[in-house]
1. Looking for something under 23 Å from residue 149 (Cα atoms), open to solvent by 80 Å² or more (accessible area, probe 1.4 Å) and among the polar types (S, T, N, Q) - is there at least one such residue anywhere in the stretch 46-55?
2. From 89, 82, 18, 41, grab the single residue that is in contact with a helix residue (DSSP H, G or I) (Cβ under 6 Å, 6 or more places away or on another chain) and surrounded by 10 or more Cβ atoms within 10 Å (Cβ to Cβ).
3. Restricting attention to the stretch 63-74, does a residue exist that is surrounded by 12 or more Cβ atoms within 10 Å (Cβ to Cβ), closer than 22 Å to residue 152 by Cα, of a type in the set (Gly, Ala, Ser) and at pLDDT 85 or above?
4. Enumerate the pairs (first residue in the stretch 125-143 and under 11 Å from residue 80 (Cα atoms); second residue anywhere and open to solvent by 40 Å² or more (accessible area, probe 1.4 Å)) with beta-carbon separation below 8 Å, excluding pairs fewer than 6 apart on the same chain, so at least 6 apart or on different chains.
5. For the stretch 72-100, name all the residues that are β-branched (Val, Ile, Thr) and touching a strand residue (DSSP E or B) at 6+ places or on another chain (Cβ under 7 Å).
Amino acid sequence: ERFTSRHGFDVHRDAPHLDDWREFKASDPFFVPPRFVFYDLAEGSGEVPESKGPGVFCRNVDARIRPEARGDFLEVIRGIALGSRDEELCLQYAWGEDVEVPNLFHFHEEYIIGNGGKEELEALASTPYFEEWERFAGDGGLFMEPPDVKCFTTL
C-alpha cells in the first residue's frame, strides 16, 4: 500500500473499514507479528496501477548495499527502473530507500504473465537492463547481506 505520509498510514490504521481486520488480528493468528517497513519512493516510481486481477506476478526485494557502492548502485537501478517501466508486461516498478536504515532499498515489481509466466520471466531476464544488473551485482559483493527476494502471484 502507498500512503502520502506516515501520518496518512496512521489515519488509515484507525479507519472504520478495518474493524474486521482488527478483530481478526486480535485473535492472535500470526506466528510472528506483522512487520511494517517504511520507505520513500524514488522519483519516477509512478502511480499505483489498476488491478489486473489474479495471476499478476509480483516480486518484493529488500537489498542492503555497501555504502561505497551507493552512487553506482543508484545509477544502475535508475536505468533498470526506466527499462522495466518501458516493458509491455510491466505494470509497476517502484523502489526507494528505507526511512530508518541507510542503504537499505525496497523494491516492488508487478508483471502480467501467462500460463505460469516462465517464458515471460525468461524474456525479462534477457533484457539489456537486467543483464546490466547481473554484471553489476556480480558475485554479490555489492551487498551487506544477501537480498531478501519474495515472489508471488495475485489471487
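1. Yes, because at least one residue in the stretch 46-55 is under 23 Å from residue 149 (Cα atoms), open to solvent by 80 Å² or more (accessible area, probe 1.4 Å) and among the polar types (S, T, N, Q).
2. Step by step, each of 89, 82, 18, 41 is checked, and only 89 is in contact with a helix residue (DSSP H, G or I) (Cβ under 6 Å, 6 or more places away or on another chain) and surrounded by 10 or more Cβ atoms within 10 Å (Cβ to Cβ).
3. Within the stretch 63-74, one or more residues are surrounded by 12 or more Cβ atoms within 10 Å (Cβ to Cβ), closer than 22 Å to residue 152 by Cα, of a type in the set (Gly, Ala, Ser) and at pLDDT 85 or above.
4. Cβ pairs passing all conditions: 127/87; 129/82.
5. 77, 99
The values are calculated or read from the model by the stated rules, or taken from the named source; none is laboratory data. Owing to the predicted nature of the structure, the values given are computational and were not obtained by experimental measurement. In this analysis, Cβ positions are derived from the backbone assuming ideal geometry, glycine residues included, and neighbour counts consider all displayed protein chains. The accessibility values were calculated without ligands, DNA or RNA, using every heavy atom of the protein model including side chains. Shrake-Rupley method; radii C 1.70, N 1.55, O 1.52, S 1.80 Å.
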